[in-house]
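The values are calculated or read from the model by the stated rules, or taken from the named source; none is laboratory data. Just so it is clear, the structure is predicted and the values come from calculations on it, not from any experiment. In this analysis, Cβ positions are derived from the backbone assuming ideal geometry, glycine residues included, and neighbour counts consider all displayed protein chains. Note: accessible area is taken over every heavy atom of the protein model, side chains too, but ligands, DNA and RNA are not part of it. Shrake-Rupley method; radii C 1.70, N 1.55, O 1.52, S 1.80 Å.
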Amino acid sequence: MEIEIVWFVLTLCIAGAVAGITSGLFGNGGGFVVVPALLAVFPFFSPSSDDLVKVAIGTSLASIVVSSVRSVMAHRRRGAVDFDVLKSWSIWIILGVIGGLAIANNTSATGLTMVFAGGVFLYSIYFLFPNQVVRPGMSFSMPTGIGKAALAFVVGGFSALLGIGGGTPTVITMVMCKRTIQQAVATAAGVGFLIGLPGALGFLLMENEASSSMPFGTVGFINIPALIAVSIGSIMTAPIGASMAHKFSEKMLKRLFGIYLVIISVSMFTKAM
């Protein structure tokens, strides 16, 4: 049992480390790494339960709060975070998260898994073909009014369902609106915090009728030991990702991450079916 616990913690620390790097590099909060890792690890340490996917999503959102704060702090030192965007989007993002939580609370485990798999596949398209999604030469102004409210609301709601930080659509939007990739990634990390905090609180307070079959240390739909292990890993590596975002070309890294997302999407669809 002690050896199993060591492997449990070590695996989650590694997942957190990778999540921290991707948060700092792409501004995506790390949920794409954390949720699959938790779903792979939890069954070895608890009875099989349909609600494990909710625990994975809730714990991922909680870990995003930590990794996003660390990433924002690293980017802020470089003056890259657009706090005006964060302030103007915040209320709509939070309202979207509330909507996403309501859907998650009334959706079956299979349904949530399918939503996650489909969402991951959609996101992989951007990472595999970034120039087709954000075409060179295309430029717009930052959305305002109803457009801004709708975009922020959808980002918040969809991200809460997937357990991610909403970084990718934020980055796409800001790059298309003539912002630098560094500023887009830095601001997206802040969006992750706006999604992660209310999202984590929502999953924490959700009624868990199968609490006796949940992994040890689960409160509501957040696993505290996993949160600590993942957070330790992400705290250590988020500045590394932020530094990489300012130093290296992202083309190959995006392609590799896109391939990873396709693999995760296929495996999750298979799991759900």
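Looking only at residues of the range 48-86 that are without any contact (Cβ under 8 Å) to a residue 40 or more places away in the chain and of a type in the set (D, E, K, R), we find that the one that is least open to solvent (accessible area, probe 1.4 Å) is D84. Mind listing just one residue for me: the one in the range 113-127 that is more than 9 Å from A272 (Cβ to Cβ) and among the aliphatic types (A, V, I, L, M) and, of those, most open to solvent (accessible area, probe 1.4 Å)? The selected residue is L122.
If the condition is being under 15 Å from G217 (Cβ atoms) and touching a Leu at 6+ places or on another chain (Cβ under 7 Å), then the range 40-53 contributes V41, F42, L52.
Mind listing whichever residues of the range 110-134 are assigned to a helix (DSSP H, G or I) and without any contact (Cβ under 8 Å) to a residue 60 or more places away in the chain? Quick ask: steps written out before the conclusion?
Of the residues in the range 110-134, the ones assigned to a helix (DSSP H, G or I) are 110-128, 130-133.
Result: G111, L112, V115, G119, L122, N131, Q132, V133.
Residues that are over 15 Å from the mean Cα position of the chain (by Cα), farther than 19 Å from V69 by Cβ, outside any helix (DSSP H, G or I) and not β-branched (V, I, T) do occur in the range 171-178, at least one of them. Out of all the residues in the range 82-93, which are hydrophobic (A, V, I, L, M, F, W, C) and under 16 Å from P169 (Cα atoms)? Residues satisfying the conditions are V85, L86, W89, W92, I93.
With respect to the conditions (1) over 22 Å from V69 (Cβ atoms); (2) touching a His at 6+ places or on another chain (Cβ under 8 Å), A186 falls short on a single one, namely (1). Within the range 178-205, the set of residues being crowded, with 24+ Cβ neighbours inside 10 Å and free of Cβ contacts under 8 Å to residues at least 60 places away in the same chain is empty.
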